[in-house]
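K.L.:
Sharing a structure with you now.
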Amino acid sequence: MTASLATRLRRHVERLADGIGERHVLRPEALHAAERYIGETWRALDYPVTRQNYEAQGVDCANLEISITGAGRGGEIVLAGAHYDTVPGSPGADDNASGVAAVLELARLLREARPARTIRLVAFVNEEPPFFFWGEMGSKVYARAARARGDDIRVMLSLEMLGCYCDEKGSQAYPPLLKHFYPAQGDYIAFVSNLRSRHALRNVFEAFREASDFPAEKLAAPALVPGIGWSDQLSFWRAGYPAAMVTDTAFHRYRHYHQPTDTPEKLDYARMARVVEGLARTLDRLASAP
């Protein structure tokens, strides 16, 4: 199972990073190609795909969504998402074709799930600058619309860079002080949130620990700590939803972050597959827990 999943994850990353390349509004044809690839992959798994479109810098852009409707508490939502755009100049294998590959394969792994709560998987557009923080991020458009509809999102997981792992001591860096409390090697997956989402973070982390033996660490900290709020979870915090990021810690570990060298062969697909398997079980547990 893990080996075949690793192969599929690599295929997705290579298609996005090598086959399509940079994906942003300055290359709209590539951004639209990535959108089509995501939608076609989900439709091939028999999921209806919802497109939430809007215009950014004169370019038609879209968030894509699929759902596994819950039975019993279907109005309660557990959401996982990843952004499919890149910064200019980078093919974005780890950032964030790895996260997109994960949401594509989560859809496959959860096809037979029968959760009590609804599970949503979302591919967000326009997370990277110039949209990040102040601009019209795709996740901002999505979270704002969800709040206006009254969607009961119990937790949102932002899948942000899942492919870099290293067993060498000193391979993991941290913001000030944190290095005294966490491993020196970057061989784990991290679950992080702001302080307001700390209870949701604890539930997610405990569910992952029950679902997987993959090394994992968690941190709830003020959003001003570098990296804590640097992805789509920020949009959900601002909309009043609990949210956490699942990450290989990005620039704290991966030296090719936002560089032309962020290419598919740099990633560890075997370990990434173990993480994705664990996340599938985690989502199922979160969507089925009392």
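K.L.:
Largest first, how would Phe251, Phe181, Phe236 line up by accessible area (1.4 Å probe)?
P.N.:
Putting Phe251, Phe181, Phe236 in descending order of accessible area: Phe181, Phe251, Phe236.
K.L.:
Sorted from largest to smallest, which semi-axis lengths in Å does the alpha carbon gyration tensor of the range 76-167 give for its equivalent ellipsoid, taking the root of 5 times each eigenvalue?
P.N.:
Over the Cα atoms of the range 76-167, the semi-axes work out to 23, 20, 9 Å.
K.L.:
Once the Cβ-Cβ distance between Thr261 and His199 is put in as r, and R0 is 25 Å, what FRET efficiency do you end up with, to the nearest 0.05?
P.N.:
0.05
K.L.:
Sticking with this one: Average projected area of the Cα convex hull of the range 1-128, in nm²?
P.N.:
Over all viewing directions, the range 1-128 projects a mean Cα-hull area of 7.8 nm².
K.L.:
With a point put 7 Å past each Cα toward its Cβ, work out how far Thr69 is from Arg114 in nm, to one decimal.
P.N.:
According to this spin-label approximation, the distance is 1.6 nm.
K.L.:
Here's another thing I want to ask about it. Among all the lysines, which ones have a C-alpha under 25 Å from Lys179's C-alpha, if same-chain residues fewer than 8 places away are not counted?
P.N.:
Lys169, Lys218, Lys266
K.L.:
Per DSSP H run of at least 4 residues, take -39500 (n - 2.57); add these up for the chain, divide by its residues and hand me the 222 nm value, nearest 500 deg cm²/dmol.
P.N.:
Rounded to the nearest 500, the figure is -10500 deg cm²/dmol.
K.L.:
Label 7 Å along Cα→Cβ of Leu178; the range 229-269 residues with amide nitrogen under 13 Å?
P.N.:
In the range 229-269, the label zone of Leu178 (backbone N under 13 Å from the point 7 Å along Cα→Cβ) covers 229-231, 245-254.
K.L.:
In debye, nearest 20, what is the charge dipole magnitude of the chain about its Cα centre with +1 on Lys and Arg Cβ and -1 on Asp and Glu Cβ, if you could check?
P.N.:
So the dipole magnitude of the chain works out to roughly 820 debye.
K.L.:
While we're looking at this one, here's another question. When the Debye formula is applied to the Cα atoms of the range 110-264, each taken as the same point scatterer, what base-10 log of I(q)/I(0) results at q = 0.14, 0.16 Å⁻¹?
P.N.:
-0.75, -0.98
K.L.:
Right, something else. Go through Gly39, Val49, Val13 and say which Cα lies farthest out towards the positive end of the charge dipole of the range 1-56; charges sit on Cβ, +1 for Lys and Arg, -1 for Asp and Glu.
P.N.:
Of the candidates, Val13 comes out farthest on the positive side.
K.L.:
Give me the distance between the Cα centres of the range 34-64 and the range 225-276, rounded to whole Å.
P.N.:
Rounded to whole Å, the Cα centres lie 21 Å apart.
K.L.:
For Asp46 and Asp213, calculate 0.36 nm times their separation in residues minus their Cα-Cα distance, and state this gained length in nm to one decimal.
P.N.:
Extra length from Asp46 to Asp213 when fully extended: 57.0 nm.
The values are calculated or read from the model by the stated rules, or taken from the named source; none is laboratory data. On a predicted model such as this, the values are computed, not experimentally measured, just so you know. Counting neighbours? That spans all protein chains shown, and the Cβs are built from the backbone with ideal geometry, glycine included. What goes into the accessible areas is simple: the full protein's heavy atoms, side chains included, and nothing from ligands, DNA or RNA. Shrake-Rupley method; radii C 1.70, N 1.55, O 1.52, S 1.80 Å.
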